[in-house]
1. Every residue in region 310-331 that is in contact with a Gly (Cβ under 9 Å, 6 or more places away or on another chain) and either open to solvent by less than 10 Å² (accessible area, probe 1.4 Å) or part of a helix (DSSP H, G or I) (or both), please.
2. Part of a loop (DSSP other than H, G, I, E, B), of a type outside the set (Ser, Thr, Tyr) and open to solvent by less than 60 Å² (accessible area, probe 1.4 Å): does that describe Ile104?
3. Please find, within region 46-80, the residue that is surrounded by the most Cβ atoms within 10 Å (Cβ to Cβ) out of those that are within 15 Å of Asp156 (Cβ to Cβ) and among the small types (Gly, Ala, Ser).
4. Kindly indicate the residue of region 69-101 that is of a type in the set (S, T, N, Q) and assigned to a loop (DSSP other than H, G, I, E, B) and also farthest from the chain's Cα centre (by Cα) among those meeting that condition.
5. Out of curiosity, is Val132 β-branched (Val, Ile, Thr) and within 15 Å of the ligand (Cβ to nearest atom)?
6. Could you tell me whether Asp312 is of a type outside the set (Phe, Trp, Tyr) and either in contact with a Pro (Cβ under 6 Å, 6 or more places away or on another chain) or closer than 28 Å to Leu46 by Cα (or both)?
7. I'd like the full set of residues that are within 18 Å of the chain's Cα centre (by Cα) and open to solvent by 20 Å² or more (accessible area, probe 1.4 Å), limited to region 257-277.
8. Please find, within region 107-132, the residue that is farthest from the chain's Cα centre (by Cα) out of those that are hydroxyl-bearing (Ser, Thr, Tyr) and assigned to a strand (DSSP E or B).
Amino acid sequence: MKKNIIHILLAAGLAAVSACTALHPDSKTLKTALKNDFYMGTAMNLPQIYGKDKKSVDIIKKQFNSIVAENCMKSMYLQPREGAFHFEDADRFVDFGEQNNMFIIGHTLIWHSQAPRWFFTDNVGKDVSPEVLKQRMKNHITTVMSRYKGRIKGWDVVNEAILEDGTYRKSKFYEILGEEFIPLAFQYAHEADPSAELYYNDYNEWYPAKKETVIQLIKKLKSKGLRIDAVGMQAHLGMDGPLIKEYETAIVDYAAAGVKVNITELDISPLPNPGKMTANISDTIAYREEINPYTHGLPKNIETEWENRYLDFFRLFLKHHDKIERVTVWGVADTDSWKNNFPVHGRTDYPLLFDRNYQEKPLVKKIIRLAEEQK
Ligand code: XIL
């Protein structure tokens, strides 16, 4: 009898311990806690790709299962002069992803920023003809995608082509080819690697007029029989807006248009909003001391507000996990974030999940806990 009681107590104890470890957030990382919901990705810079920034590399291997190159696959780096491709950095990036079993993303094929001038001009500096630009787009897309065929799983084919008022950005692609440059890019991309997922990526896509045009674009691509798998919603966010509700409406509406949503380029800045928030890299704002208030650390109350805003967004992403394929943060530690220099140069920003000493912020465990609670 006594023996039986001891056995029962032992079994109960063991069950309690295993229940605890199953739920205990300390034993989980972002990618394991979220694995049934969506990929958890990060952008990588060159010191990380080349393994020089060991602290970040350790974090990336432990916490993330998807990667995207922060810069080295943009056209000005891949093809700085016509026909002269530079693949060394991108090759290393893809090798890293394969060695670590990552869902590898290509960013980005057709974008008005960080594109070399030669792409749009002839040898006397005049705009090229529509035929020449088409040829250059096709050659760039085909060369780059063929090299990583079957290895890079999804591509941001076109980036930032539509403005908040729903009109098309007057980029060189648009000026020379009109709206058709987008279906053309998707066609060339699908021909280059039919197995790759293809995405349209942009910021502020929750603005209603912009969202409408993006949805029209999705419908147009689909009606032409072209492949589009997802809309990438860049999430360079601040504390003031958008409302969670506005973001939710956009996620739901894109999904209803027949695509998945990727939350791409996630970073939330706790700094004062210096003006209209865009992510167009030429929309810069002059430095003023009052918009750089936390050079010696983030006050506790601001950190709490910032955490809550992140958690509100993760609650939303988890709620709509069936529509979301991937959530990607735009970098690992605050030190390396582009937000220290955008839209204002030289601020001390705190938009990422790891601090300036590469320590996990308390937020990470809170996100993991949210994911666990939802199960
Ligand atoms: C940014 C990088 O983070 C910076 O290092 C670089 O100087 C400029 O570009 N939208 C995009 C990203 O699609 O590629 C941009 O990345 C941020 C805005």
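1. Listed by number, the residues that qualify are Arg326, Val327, Thr328, Val329.
2. no
3. Ala69
4. Checking each candidate, the answer is Gln79.
5. Here the answer is no, as Val132 does not meet what is asked.
6. Here the answer is no, as Asp312 does not meet what is asked.
7. Hits for region 257-277 are Lys260, Met277.
8. Taking the candidates together, the pick is Thr121.
The values are calculated or read from the model by the stated rules, or taken from the named source; none is laboratory data. On a predicted model such as this, the values are computed, not experimentally measured, just so you know. With ideal geometry, Cβ positions are generated from the backbone for all residues, glycine too; neighbour counts draw on all protein chains shown. Areas reflect the complete protein model, heavy atoms only, side chains present, ligands, DNA and RNA absent. Shrake-Rupley method; radii C 1.70, N 1.55, O 1.52, S 1.80 Å.
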